[in-house]
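The values are calculated or read from the model by the stated rules, or taken from the named source; none is laboratory data. What you are looking at is a predicted structure, and each value in this text was computed from that prediction instead of being measured. With ideal geometry, Cβ positions are generated from the backbone for all residues, glycine too; neighbour counts draw on all protein chains shown. Calculation scope for accessible area: heavy atoms of the full protein, side chains included, ligands and nucleic acids excluded. Shrake-Rupley method; radii C 1.70, N 1.55, O 1.52, S 1.80 Å.
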Amino acid sequence: MHLKRTLMAGIAAVALAGAASAEGVKVGMITTLSGGGAGLGIDVRDGFQLALKMAGDAGAEVELIVEDDQQKPDIAVQLADKMIQSDQVDVLTGIIWSNLAMAVVPAAVAQGKFYLSPNAGPSALAGAGCDKNYFNVAWQNDNLHEAAGAYANSAGYKNSFMLAPNYPAGTDAIAGYKRFYDGEAAGEVYTQLGQTDYAAEIAQVRASGADSVFFFLPGGMGIAFMKQYAESGVGIPLVGPAFSFDQGILQAVGDAALGVKNTSQWNKDIDNEANKAFVEAFQSEYGRLPSLYASQGYDTANLILSAMAKADVADQDAFRAALEEADFASVRGDFRFGPNHHPIQDIYVREVVKEGDVFTNKIIGVALEDHADAYAAECKM
């Protein structure tokens, strides 16, 4: 659907320096809006659109085209081709899943388009496959898992069972955890992407002698696993990244998630004015708490707006330089790009809690400060 935004100022308007480009920017958002992963894409879209609305006249200079990739690489490729060739977008964004990103991003940047990732950060695009027109506004896939490994060490875990789906983000997850985790592996299992029955894996955990379970299962996969794990009574402590304990998942999981520690570069209680305004505005606009994915969509839109305030997208070199500056108020607080256009940022430890009737997270510590990714040295832009 085409969403040419006629936007009102309001809801704690975000100030932007300078004037937006007179030509505006056409953005193509390909994201997951149906199926088991729909909640993630919906949150990215809603966070992005909220930033445009809060930016008033500057946000109105963005023409946004949103399409559903149905979590299928072939559909994502078809949509990208249409947006580039027929819609003639300037910027692409929105993809949640790393296998879809690998299918779309290299071809998009090869055709001279900017791609700004609000989520997927496969290692192949951070290292040797980096590109001057590719920016990741969320993380490199390994980052939150590296932080989980650092937390596991501080918690005294020595024998972790590791579980992730068999696709690029899953292999990056276990690689990231092991990069910082000092203990032994009680087991290492890759599941099918989209799997919903984890009886066999839980039986392996039970028999493994593990003192902890690290798992990365985003969206519906995480909901299914958490419910089945709680019902199994195994009771071995869980550690994971935010993806498995984010706002959209917690309500479906319920009490089974209480007390679980997870890692994230964002949470609703980060104490800065941009984040406070975002959380308040998101709740007012959509009637729910924002998720990690919503925060990433919001920051991605504000990055684009910050670049538009300094350069015309038709001047690619100037627009790219403006993106590299990342001159916007991130909900995360300190945020900058490394030499491979991936974030350098703090990553926190969160605990799942219940506030009234709502399950959510609170920050209990910092896992990694000012953290960059492991692949930047391989990037030769």
Report task. For Ala230, state whether it is open to solvent by less than 10 Å² (accessible area, probe 1.4 Å) and in contact with a helix residue (DSSP H, G or I) (Cβ under 6 Å, 6 or more places away or on another chain). Result -> no
Query raised in the report: Taking the condition hydroxyl-bearing (Ser, Thr, Tyr) and within 16 Å of the chain's Cα centre (by Cα), does Ser212 pass?
Result: no
Query - Candidates Ile249, Ile202, Ile223, filtered to the one that is open to solvent by less than 20 Å² (accessible area, probe 1.4 Å) and under 19 Å from Leu40 (Cα atoms) - result: Ile249
Query raised in the report: For segment 294-316, how many residues meet the condition of being in a loop (DSSP other than H, G, I, E, B), of a type in the set (Asp, Glu) and touching a residue at least 40 places away in the same chain (Cβ under 8 Å)?
Result: 1
Query - Residue among Ala309, Ala274 that alone is in contact with a Leu (Cβ under 7 Å, 6 or more places away or on another chain) and of a type in the set (A, V, I, L, M, F, W, C) - result: Ala309
Query raised in the report: Residues in segment 255-277 that are open to solvent by 10 Å² or more (accessible area, probe 1.4 Å), more than 13 Å from Pro290 (Cα to Cα) and in a helix (DSSP H, G or I): how many?
Result: 4
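To keep it simple, each residue is scored yes or no on (1) within 18 Å of the chain's Cα centre (by Cα); (2) touching a residue at least 12 places away in the same chain (Cβ under 8 Å).
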position: Ile75; (1), (2): no, no
position: Leu92; (1), (2): yes, yes
position: Val109; (1), (2): no, yes
position: Pro118; (1), (2): yes, yes
**Report entry** Near pairs, Cβ below 6 angstrom, 6+ apart or cross-chain, from segment 36-53 (among the basic types (Lys, Arg)) to any residue that is modelled with pLDDT under 95
**Finding:** Lys53/Leu7
Query raised in the report: Does any residue in segment 317-331 that is assigned by the TED database to the domain that holds Ile304 and in a helix (DSSP H, G or I) come within less than 7 Å, Cβ to Cβ, of a residue that is among the β-branched types (Val, Ile, Thr) and open to solvent by 10 Å² or more (accessible area, probe 1.4 Å) six or more places away or on a different chain, and which pairs are these?
Result: Phe319/Val313
Report summary line: Being at pLDDT 95 or above, small (Gly, Ala, Ser), farther than 21 Å from Pro241 by Cβ and touching a Lys or Arg at 6+ places or on another chain (Cβ under 7 Å) narrows Ala307, Ala326 down to just Ala326
Report task. Restrict the check to segment 242-262 and report whether at least one residue is among the basic types (Lys, Arg), out of contact with any Lys or Arg (no Cβ under 6 Å at 6 or more places or on another chain) and in contact (Cβ under 8 Å) with a residue 60 or more places away in the chain. Result -> yes
Query - Positions within segment 147-175 being among the charged types (D, E, K, R) and within 20 Å of the chain's Cα centre (by Cα), in sequence order - result: Asp172
Report task. Given the conditions (1) assigned by the TED database to the domain that holds Ile363; (2) in contact with a Phe, Trp or Tyr (Cβ under 8 Å, 6 or more places away or on another chain); (3) without any contact (Cβ under 8 Å) to a residue 60 or more places away in the chain, report the number of the one that Glu146 does not fulfil. Result -> (3)
**Report entry** Test set (1) under 17 Å from Ala138 (Cβ atoms); (2) out of contact with any Asp or Glu (no Cβ under 8 Å at 6 or more places or on another chain); (3) open to solvent by less than 50 Å² (accessible area, probe 1.4 Å); (4) outside the structural domain of Asp172 (by the TED database) - Ser306 fails condition number
**Finding:** (2)
